[in-house]
Amino acid sequence: MGIEFEANVAKLLETISIEEAEGLFNWLLETKDAKVDVSQLDHLHTAVFQLLLILKPDIIGAPQANDLKMLLNIQGGPYEENNIYH
Amino acid sequence: MDALLNQFIVEGKELLQRVYDVLIELEEDTENKELLDELFRVVHTLKGNSGLFNFGAMTKLLHASEDLMNRVREGEISYNSDIADVLLEAMDIVSAMMDEIASNETISHELSQKAQEKADHIRAKFLAFKSAETHNKEDKKPQSSIKEDTKPKNIYKLNHKLIPENIKKEIVKAYLEGKDITFVKYSPEEECFFKGEDPLYLVRATPNLLWARGYLREDINAQDPLTLDIYKCITDFEIIGAEDENTLSEHFNYVSEQVRFFDIDALSLVVPEGTKTQDPMYEDFVSSAIKLLEENDIDSFKKTVESFLEWTSPDSFAHSVAQWLKVFSDYLPKTKPFVYTLLKSIETLNPPVFKINPEENKLSKTPTLSEESMLLLKTQLKVLENLKETNDETFKTNTFVSVLNTVKNLLKAQQQSDLLQTFEEIASSESIDKVEEFIKTLLENKQEEKSALEKPAEEKPEEPKEKIDQKDQTEKKSAAKVLKVDESRIDKLMNLVGELVIAKNSIPYLAKKVADVYGMTDLSKEIKSQYAVFNRISEELQDAVMQIRMVTVSTVFQRFPRLVRDISKKLNKKVKLIIEGEETEADKDVIEALSDPLIHIVRNSLDHGLEPPEERIQKGKPETGTIILRAKQEGDHVIIECEDDGRGIDPNKVKQKAYQKGLISEEQLSTMSDDEAIKLIFLPGFSTAEVTTELSGRGVGMDVVRRAVEEIGGSVSIKSILGKGTTISISLPLSMAVSNIMLIETAEERFGIPIDYILETIKISKRDLHSINGKMVSTVRGKIVPFIYLNDALDIQKPHLTDEDGNYLSLILMVNKEYLGIIVDRFHGTADIILKPFEGFLKEINIFSGSAIMGDGSVLLVINPKELVRWE
């Protein structure tokens, strides 16, 4: 549970709740070349997910859940970036 | 009670019974349109009737049931055992309400409440039936959340590039499988986080989620990140689910204002990509593929596609198309047109353009003959089969011609011109067999094309042909004029006829008096001859009334399908109930008395007889156990049998238990035969069930059953083969009313003994009576027959009279296949009587089966020979 920060990698462990959003947000603003490790991620609150959309850090690793892979764009493929707005 | 209300109840009960019957029939035949329609109509009628009388709660419940039935018959929901359960429960409540109306003319508040709850439950379940799980929110929403039929949805213009290729394939596969594909646009409101919502969670939990993406709906690039409000939700979601809109809207119920639903054109996702190079091998592939398709050689087609995939470069356009070919070929032959389009695309190297019939947005099955045609064909087949039995040539020819015409017209109407041509050729051969063959093949082919799931393999034992014939006959009977008569009127009629029969009996006495006392022998003769006429007429009258009281066994049998279904479900056993001979008739009292014992017997079979499915499979038996309820007439008796293919009764176990309970002696334990051992289950206080279940209770069962049957003049017997099954037979007299008895006298008192039991009357001397082990016996024509003094049995402390030679008068009876000699004083001929069984605490006097009023007004006690045997 929670986020482990080590150097420039934030490891998202299991379930990340809305309470962690602020911490991650600040870390992402401060850290250069920030990377987010999602290999052990089970679920993240929308607010946290939203942060990734906004600040676009590099995502490393792949979560187990297929739908999460899909939502975090960890599949590679001929599609445009996630940040499309109307 | 108001006559109209009475009518409502009578009709209502009939309609309810029809509902029960159809509901159970449907479980075996869930797609049967006729049944679904009938069910809907019946419930609709019930609803309408209840409305006339202002029984609001009943109407509401029936309305909910009707709506549910409507959805089912429209094909929006498929019928399953959950729906059957809920409808059965609803009908039970309606039935209970009818009972209340019958006694109190109103419905109690309690029951109305129950009805309301059930109606709400059904309405909520409308939607739940379409999805396995609903989102975990409290169910206390106002029940008006049923959506009316949805407005036509718009097609969402998908950007297919946003969907990964493998997921596109999943979506198209789902589409080809005929699943509903719905596109959801979920735009959570900005403050949703403060409401404790997590939209991402809701999205991920979507039932049958195929694809989803989340994206920002605002452009925040320009904004200074430091001023960002991270707790404001600016993320939208696009979701594709393999579910229909109703299920999804149920899932998103709490945020319904924030979601919108769309259809998508699944085939627009088929966008092959890659380098486009011409290659002559493509042409070869396409032409051989097309050839295989024409030949319907699907396996070879698939193999060809596979090898094409192997030698084409993965970057090429053709390879990409072939991958789609693979997907579509799994759903041949219905995807043939699409496959052709894809093949063309390989040829032309242009993107495939799929044309779908705009009226269908779902893939339809290949046009088959309609349901009605299949039914029609089936009946024609039956007619032809019956034709083979007739000898009347003209009839044969005419009927054959009409069958031919029917089939021709059918094929014309269904626009099956190829079939029509083939059929016309066959028809010209004038061979009934060939026509039969043709029809049979038609029916088989059309049934194969139906993409229904295979039903779990229930063994369908062969239905005896008589069943079909008899069914036709009963249908004809019911077409004849039927009068509904109040049961009490028939009973009154029967009583009057009974009195008439007794009253007429007095005339011979009078005739005798006229001759003996008044010496007018001529008059006496005249009276006697007139009496003969009188007698004949009153006997015929009695027969006629008895006929009126005859009802079919089906009135008792009809409750068993439901009973078996409910109990087998409870016990987790698979059981099939077969009913034979339900149109067999017997007197209504007999039939009614049959009901409880039979229920007990069937419950026993279900509970103790039939094994659970796993055990059956282990034993090499079919998983589904069978219970056969059979009724047939034999002479003046009706035989009812309950046969199961369960465990059978273990004679050794039974013997042991009986011995343990002190019901038999050690000697009997060792000498008793298997057949006799099985009969021990009829002893009071017997039960080998280790655990008494709530269903069958303790061993009071078989004893009570036997008594109940014997009380109405019947008998029970049992046959069982260990491991194979058990058959319990009940034999009942066709009518209970009039008995023929022999009048005997002992100690100056008269008694009656039913003639059925009497074999003969003989004189027996004291010398011939021997005592063995304290029991009296004698030899009659080489057989050893036990004897008793009737005075002893009746507790009369007097010796019996003997004639001048010192001989006793005796009757030899046959009771339960055993002989018994009864010593009496005198015989007085026979008489017809109406036996009135004892009531109240006279019932406990078992030695008498009842009393009768004689022609001279005296009361005759009628002895029950079965008790004499026991007494011995």
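The values are calculated or read from the model by the stated rules, or taken from the named source; none is laboratory data. Note that the structure is a prediction, hence the values are computed from the model and not measured. Heads up, the Cβs are rebuilt from the backbone with ideal geometry, glycines too, and the neighbour counts pull from every protein chain shown. Heads up: the accessible areas ignore ligands, DNA and RNA and are worked out on the full protein's heavy atoms, side chains in. Shrake-Rupley method; radii C 1.70, N 1.55, O 1.52, S 1.80 Å.
Side notes on the structure shown:
- Theoretical FRET efficiency, 1/(1+(r/R0)^6), r = Cβ-Cβ of B:E257 and B:E385, R0 56 Å, to 0.05: 0.35
- Estimated purely from DSSP H runs of n ≥ 4, each contributing -39500 (n - 2.57), the mean residue ellipticity at 222 nm for chain B is -15500 deg cm²/dmol once divided by its residues.
- Gain upon complete extension [B:K775, B:E273; 0.36 nm per residue less C-alpha separation]: 170.3 nm
- Other-chain or far-sequence residues with amide H under 5 Å of A:F5's (modelled H): A:K11
- Listed values for the range B:187-192 are Karplus-derived 3J(HN,Hα) couplings in whole Hz (6.51 cos²θ - 1.76 cosθ + 1.60, θ = phi - 60°), namely 10, x, 6, 4, 8, 4, and x replaces Gly and Pro.
- Scanning residues 5 or more positions from A:L44 or on other chains, those with amide H under 5 Å from its amide H are A:I16, with H placed 1.01 Å from N in the peptide plane.
- Rolling a 1.4 Å probe over the heavy atoms of the protein chains gives chain B an accessible area of 55 Å² per residue.
- Ligands, DNA and RNA excluded, the heavy atoms of A:M1 present near 150 Å² of accessible surface to a 1.4 Å solvent probe.
- Cut-off 13 Å between beta-carbons: net charge of the residues surrounding B:L349, Lys and Arg +1, Asp and Glu -1: -2
- Hydrodynamic radius by Kirkwood, which averages 1/r over all alpha carbon pairs of the protein assembly as shown, in angstrom: 36.6
- Projecting the Cα atoms of B:T247, B:F237, B:T275 onto the charge dipole of the range B:232-284 (Cβ charges, centred on the Cα centre) puts B:F237 farthest toward the positive pole.
- Alpha carbon convex hull of the range A:2-82, volume per residue in cubic angstrom: 84
- Label point of B:E189 set 7 angstrom out along Cα-Cβ; within the range B:248-290, amide nitrogens under 11 Å from it belong to B:255-258.
- Chain-alone versus full-assembly comparison, the range A:23-55, residues with accessible loss of at least 20 Å² (1.4 Å probe): A:F25, A:L29, A:H43, A:H45, A:T46, A:A47, A:F49, A:Q50, A:L53, A:I54
- Helix B:298-311 axis, angle to chain B major axis (alpha carbon atoms, nearest 10°): 30
- Rg and Dmax over the alpha-carbon atoms of chain B stand at 38.9, 139 Å.
- Potential extension, B:Q656-B:D703 segment - 0.36 nm per residue separation minus Cα distance: 15.1 nm
- With R₀ fixed at 22 Å, the C-beta to C-beta distance from B:N816 to B:E583 puts the FRET efficiency at about 0.15.
- Taking θ as phi - 60° and the Karplus parameters 6.51, -1.76 and 1.60, the scalar couplings of the range B:500-516 work out to 4, 4, 5, 4, 5, 4, 6, 5, x, 4, 4, 4, 5, 4, 4, 6, 6 Hz in sequence order, x denoting glycine and proline.
- Helix B:3-28 axis versus longest C-alpha principal axis of chain B: approximately 60°, rounded to the nearest ten.
- Take the accessible area of A alone and of B alone, subtract that of the pair with a 1.4 Å probe, and the total buried over both chains is about 3000 Å².
- Exposure check, 1.4 Å probe, all protein chains in place: B:K291 carries approximately 120 Å² of accessible surface.
- Pairwise centroid distance, computed over Cα atoms, of the range B:616-632 with the range B:1-73, Å: 33
- B:E177-A:N26 FRET efficiency (beta carbon distance; Förster radius 51 Å; 0.05 resolution): 0.60
- Order of exposure, largest accessible area first, which applies to B:K302, B:K504 with probe 1.4 Å: B:K302, B:K504
- Seen against the Cα atoms of chain B and their longest principal axis, helix B:280-294 is set at about 20 degrees.
- Distance between modelled label sites at B:V10 and A:N8, nm, 7 Å Cα→Cβ extension: 9.3
- Overall, the anisotropy analysis places the range B:720-872 in the oblate class: the square-rooted eigenvalues a ≥ b ≥ c of its C-alpha gyration tensor yield a/c not less than 1.5, with a/b not exceeding b/c.
- Portion, in percent, of the accessible area of the range A:2-82 that falls on carbon or sulfur, probe 1.4 Å: 45
- Computed with a 1.4 Å probe over protein heavy atoms only, the accessible area of B:Y518 comes to about 150 Å².
- Ranked order, B:D392, B:D37 - accessible area, probe 1.4 Å, largest first: B:D392, B:D37
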